[in-house]
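Everything below concerns the one structure shown next.
The values are calculated or read from the model by the stated rules, or taken from the named source; none is laboratory data. All values derive from a computational prediction rather than experimental measurement. Please note: Cβ atoms are built from the backbone with ideal geometry, for glycine as well, and neighbour counts cover all protein chains shown.
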Amino acid sequence: MREDVAVNLGISLDELESSIVQSLQRIDQRASPGDVARIVDQILNSGLKDVNPDAPSISQLRQAVRERNPILDAELFRQGFTTTVRSGEAQALLESWMDSRPGMGYFLAPLAGNIDD
């Protein structure tokens, strides 16, 4: 998602991430992947708002993709990339896969609490 947004804004994501890491290191601050990703998202979100003040944030775009694709949502949960799923359909898929694919790491997922109906 970050890559697509960066490309559309004309920003080199590699250069941006490298610059952030170097800046954090110069001031003796931690530069973990999560820290860098959070700063990248802030910069890209700012760029999106400059182009269109009504544009959704990167986080909102990710949520929308997961809500529209329950299979992706269920797999992201199973692989540990998320702690909840965005739809009842993704929950049902995980429950079905628990029965049909035992031993594959599928288990019931909590539903995210901020889903608009």
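Applying the set (1) part of a loop (DSSP other than H, G, I, E, B); (2) of a type in the set (A, V, I, L, M, F, W, C); (3) assigned by TED's automatic domain parsing to the domain that holds Leu24 to Phe107 leaves exactly one unmet item: (3).
To keep it simple, each residue is scored yes or no on (1) part of a helix (DSSP H, G or I); (2) of a type in the set (A, V, I, L, M).
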site	(1), (2)
Val7	yes, yes
Asp14	yes, no
Ser19	yes, no
Gln22	yes, no
Val36	yes, yes
Pro56	no, no
Gln63	yes, no
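For region 25-33, the criterion of a residue being out of contact with any Ser or Thr (no Cβ under 9 Å at 6 or more places or on another chain) and surrounded by 12 or more Cβ atoms within 10 Å (Cβ to Cβ) is satisfied by no position. Evaluated against (1) loosely packed, with under 12 Cβ neighbours inside 10 Å; (2) over 18 Å from the mean Cα position of the chain (by Cα), Gly113 falls short on exactly one condition, (2). Return yes or no: is Ala74 surrounded by 14 or more Cβ atoms within 10 Å (Cβ to Cβ) and not in a helix (DSSP H, G or I)? Against the criterion (surrounded by 14 or more Cβ atoms within 10 Å (Cβ to Cβ) and not in a helix (DSSP H, G or I)), Ala74 does not qualify. Residues in region 29-56 that are acidic (Asp, Glu) and at pLDDT below 90: Asp35 alone. Residues that are within 17 Å of Ser57 (Cα to Cα) and acidic (Asp, Glu) were ranked within region 1-24; the one that is surrounded by the fewest Cβ atoms within 10 Å (Cβ to Cβ) is Glu3.
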